[in-house]
Amino acid sequence: MSLYRLIYASRAIEQMKPDDLAQILASSQRNNQRVHVSGALLFSAREFLQCLEGGREAVNATYARILGDPRHEGAVILDLPRDCPSPVRRLGHAPGRP
């Protein structure tokens with residue numbers, strides 16, 4: 001399987017509390033595992049930076065779902081989506097996938 005990687009940034013609509021971030025993390029882990037997407041989410045002040053990787057369709061669908069989340073705005077793709085030359089995940093492991 002070829003991996004697809006997408007990196008984007010966005011800004012929180014309002015100040016995030018630790019419970020808000022914990023909820024985002026829990027739902028991300030649940031949703032991403034279901035579609036075999038792995039990633040890294042960074043948050044500082046009100047800025048998000050996220051890298052998603054997995055199959056092309058799964059990453060695109062995950063990003064589309066994320067764009068619909070009303071807790072953030074101004075999403076900008078920082079690294080154009082592309083197939084990664086290595087089939088090895090850099091951001092964790094999705095069960096049942098390399």
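Things to note:
- Failed item, numbered, when SER27 is tested on (1) of a type outside the set (Phe, Trp, Tyr); (2) surrounded by 13 or more Cβ atoms within 10 Å (Cβ to Cβ); (3) more than 10 Å from the chain's Cα centre (by Cα): (2)
- Comparison of ASP79, ASP20 shows that the only residue that is charged (D, E, K, R) and modelled with pLDDT of 90 or more is ASP20.
- Among the conditions (1) surrounded by 15 or more Cβ atoms within 10 Å (Cβ to Cβ); (2) modelled with pLDDT under 95, ALA45 misses just one, which is (1).
The values are calculated or read from the model by the stated rules, or taken from the named source; none is laboratory data. Note that the coordinates shown come from a computational prediction; the quantities given were computed from them, not determined experimentally. Every residue, glycine as well, gets a Cβ built from its backbone with ideal geometry; the counts of neighbours run over all protein chains shown.
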